[in-house]
Every structure is written in structure tokens, then in C-alpha cells.
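Trainee: Starting off with a structure, shown below.
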Amino acid sequence: MANTMTTYVKICNLNEETFKKIKELFETERENNVDVKIIEHFNKLFGSEFNDADNYPDRAWMDENIGAKWIRVEFDSVDFSPEIDLYLESSWNVPTEYIQKVVEVMNEFDKDIVAYGTYEDESYSPIGAFVYGFDYDDIEDYDEVDGQRMWDDDDYKDDIMDKLHDHRDAMYESYLVVKKEREEDNN
């Protein structure tokens with residue numbers, strides 16, 4: 001059985017128009033459900049023509065375009081917000097190609113849209129943080145983790161998760177510095 005990688009993604013800098021695009025892109029199975037219709041989602045995101053009957057994405061396509069052999073996506077934002085949260089589960093790997101594709105598609109509407117977040121394998125090896133924006137990507141494992149202790153010591157786990165979130169926020173701040181420098185260079 002493959003380990004499950006859990007990825008928490010925050011997509012921010014949305015306006016009402018781009019939020020509407022996000023809602024269209026992440027259509028859920030039914031009202032009051034958070035599970036994204038994954039085949040329809042892939043078709044919108046990649047311009048593909050997959051279906052559940054006889055044209056399902058194969059392993060090679062998933063590895064190349066998603067970064068994992070399977071993915072589950074949850075989206076539960078119904079009212080406008082300048083930022084939304086996604087919850088992803090995938091096999092073994094952080095679905096980096098998938099996250100980058102979402103950002104790429106949304107950057108076609110607004111180059112200020114950025115995705116950042118954290119990931120954790122169910123064994124806590126690896127865990128880390130990432131930031132993806134227009135012409136920007138950074139992903140880093142957080143290596144200072146004792147996986148067994150994460151299971152046995154709740155205080156330790158809480159401390160590591162706090163440090164991981166601080167690491168994520170620092171990476172996002174670094175992105176903002178680079179973005180500001182680029183804007184100043186262009187003026």
C-alpha cells in the first residue's frame with residue numbers, strides 16, 4: 001500500500017472574477033460536498049477529454065501531469081474570499097506538477113495569484129512547505145523531524161507543526177520580497 005501524502009494549499013490574491021474561475025475549476029460532486037469532480041477538473045485544467053468509462057488518465061499521465069499516481073481534491077469555498085484552501089491527498093509524492101498547473105492556469109487571469117502551503121507524508125517523512133507563483137517556485141522539506149516521536153509525543157508534534165507553519169510563512173514572505181524586487185526592477 002502506498003503512503004498517503006497530505007497537502008494543504010492556500011491560493012491567495014483572488015478577486016471576485018478569479019474566485020469565480022476557481023469555483024468553476026473546482027466543481028464539487030454535489031451541493032454541500034467538498035470532493036472535486038476529478039475527471040471534469042482535469043479536463044478543465046489540462047484541456048483533456050477524459051471520462052470515467054473508457055478514457056481514464058493512466059499512471060504515466062498522472063505521474064507526468066499530477067506528480068502522483070492518484071489524487072483526491074477537496075474544495076469547500078462557496079462565498080467570495082480573497083483566498084481559498086484546498087486539501088489534497090495523493091500517493092507517495094507531493095503533487096507539485098498539479099499545484100504548478102493550477103497556478104499557471106490562474107496566472108493567465110491574474111499574475112498575482114499564488115499558492116503556498118505544507119505537505120506531510122503519513123509517516124512524517126517527508127514534511128515540508130512550498131510556494132508557487134508567477135515565474136516562481138520553491139519547495140523545501142523540513143528535515144528536523146523524528147517521525148516516531150511525532151506519533152508518540154503530542155507536544156512534540158504540535159511544536160514541529162508550529163515550526164512547519166512558520167517555515168511556510170517565511171517562504172511566502174521570501175516570495176513577496178522577490179515579487180516586490182521584480183516590480184521595482186520593471187519600473
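Trainee: Quick one: would you say Tyr56 is aromatic (Phe, Trp, Tyr), surrounded by 12 or more Cβ atoms within 10 Å (Cβ to Cβ) and more than 17 Å from the chain's Cα centre (by Cα)?
Mentor: Here the answer is yes, as Tyr56 does meet what is asked.
Trainee: Taking the condition surrounded by fewer than 20 Cβ atoms within 10 Å (Cβ to Cβ) and among the hydroxyl-bearing types (Ser, Thr, Tyr), does Tyr119 pass?
Mentor: Values: surrounded by fewer than 20 Cβ atoms within 10 Å (Cβ to Cβ): no; among the hydroxyl-bearing types (Ser, Thr, Tyr): yes.
No, not satisfied.
Trainee: Let me ask you something else. For a quick check of your reading of the model, give me the residue pairs whose first member lies in segment 134-146 and is in contact (Cβ under 8 Å) with a residue 40 or more places away in the chain and within 18 Å of Tyr98 (Cβ to Cβ), whose second is of a type in the set (Phe, Trp, Tyr) and not in a loop (DSSP other than H, G, I, E, B), with beta-carbon atoms closer than 7 Å and at least 6 apart or on different chains.
Mentor: Tyr136/Tyr175; Ile139/Phe130
Trainee: With (1) closer than 17 Å to Lys101 by Cα; (2) crowded, with 16+ Cβ neighbours inside 10 Å as the list, and Glu27 as the residue in question, which single condition is left unmet?
Mentor: Exception for Glu27: condition (2).
Trainee: Oh, and also: Please count how many residues of segment 96-110 are over 12 Å from the mean Cα position of the chain (by Cα) and in contact (Cβ under 8 Å) with a residue 60 or more places away in the chain. Write out each step before concluding.
Mentor: At the first step, the residues of segment 96-110 found to be over 12 Å from the mean Cα position of the chain (by Cα) are 104-110.
Restricting the remaining residues to those that are in contact (Cβ under 8 Å) with a residue 60 or more places away in the chain gives 105-106, 109-110.
Residues that pass the stated criteria total 4.
Trainee: Scan segment 58-70 for residues that are touching a residue at least 12 places away in the same chain (Cβ under 8 Å) and either more than 22 Å from Glu122 (Cβ to Cβ) or of a type outside the set (Gly, Ala, Ser) (or both) and jot them down. Spell out how you get there, then give the answer.
Mentor: In the first step, residues of segment 58-70 are kept if they are touching a residue at least 12 places away in the same chain (Cβ under 8 Å); the result is 64-70.
Passing the criteria: Glu64, Asn65, Ile66, Lys69, Trp70.
Trainee: So, in segment 141-166, of the ones that are in contact with a strand residue (DSSP E or B) (Cβ under 7 Å, 6 or more places away or on another chain) and modelled with pLDDT under 95, which residue ends up farthest from Leu14 (Cα to Cα)?
Mentor: Going through the qualifying residues, I end up with Val145.
Trainee: Quick check on segment 86-95: of everything there that is surrounded by fewer than 18 Cβ atoms within 10 Å (Cβ to Cβ) and either under 10 Å from the mean Cα position of the chain (by Cα) or modelled with pLDDT of 95 or more (or both), which residue is farthest from Ile127 (Cα to Cα)?
Mentor: Top of the filtered list is Tyr87.
Trainee: Any residue in segment 38-48 that is modelled with pLDDT of 90 or more, surrounded by 13 or more Cβ atoms within 10 Å (Cβ to Cβ) and basic (Lys, Arg)? Outline the logic, then answer.
Mentor: Keep residues of segment 38-48 that are modelled with pLDDT of 90 or more, which gives 38-48.
From what's left, surrounded by 13 or more Cβ atoms within 10 Å (Cβ to Cβ): 38-46, 48.
Subset that is basic (Lys, Arg): 44.
Scanning segment 38-48, I find at least one residue that is modelled with pLDDT of 90 or more, surrounded by 13 or more Cβ atoms within 10 Å (Cβ to Cβ) and basic (Lys, Arg), so the answer is yes.
Trainee: Being touching a residue at least 60 places away in the same chain (Cβ under 8 Å) and assigned to a loop (DSSP other than H, G, I, E, B) is the filter; apply it to segment 71-92 and report the residue that is farthest from Tyr8 (Cα to Cα). Show your work before the answer.
Mentor: Within segment 71-92, the subset touching a residue at least 60 places away in the same chain (Cβ under 8 Å) is 80-92.
Right, trim to assigned to a loop (DSSP other than H, G, I, E, B) and you get 80-82, 92.
Details: Phe80: 19, Ser81: 17, Pro82: 17, Trp92: 15 Å.
The selected residue is Phe80.
Trainee: Counting only residues that are in contact (Cβ under 8 Å) with a residue 12 or more places away in the chain and part of a loop (DSSP other than H, G, I, E, B), how many does segment 42-57 have?
Mentor: Of all residues in segment 42-57, those in contact (Cβ under 8 Å) with a residue 12 or more places away in the chain come to 42, 44-46, 51-52, 56-57.
Within this subset, residues satisfying the condition of being part of a loop (DSSP other than H, G, I, E, B) are 52, 56-57.
Total meeting the criteria: 3.
Trainee: Would you say Ile39 is among the β-branched types (Val, Ile, Thr) and in a helix (DSSP H, G or I)?
Mentor: Working: among the β-branched types (Val, Ile, Thr): yes; in a helix (DSSP H, G or I): yes.
Here the answer is yes, as Ile39 does meet what is asked.
Trainee: Would you be able to tell me the number of residues in segment 101-140 that are polar (S, T, N, Q) and modelled with pLDDT under 95? Show your work before the answer.
Mentor: The first filter runs over segment 101-140 and keeps only residues polar (S, T, N, Q), leaving 107, 118, 123, 125.
If we keep only those that are modelled with pLDDT under 95 as well, we get 123, 125.
Residues flagged as polar (S, T, N, Q) and modelled with pLDDT under 95 within segment 101-140 amount to 2.
Trainee: Moving on to the next point. Can you name every residue in segment 103-162 that is touching a Gly at 6+ places or on another chain (Cβ under 9 Å), within 30 Å of Lys20 (Cα to Cα) and small (Gly, Ala, Ser)?
Mentor: Ala115, Ala129
Trainee: Next question. Suppose we filter segment 1-36 for residues that are modelled with pLDDT under 90 and assigned to a loop (DSSP other than H, G, I, E, B); how many remain? Talk me through it step by step, then tell me what you get.
Mentor: Initial filter on segment 1-36 (modelled with pLDDT under 90): 1-3, 27-35.
Those still in the list that are assigned to a loop (DSSP other than H, G, I, E, B) too: 1-3, 27, 29-34.
The total comes to 10.
The values are calculated or read from the model by the stated rules, or taken from the named source; none is laboratory data. Remember, predicted model here, so these are calculated numbers, not experimental data. Cβ coordinates were reconstructed from backbone atoms using ideal geometry, including for glycine residues, and neighbour counts include every protein chain displayed.
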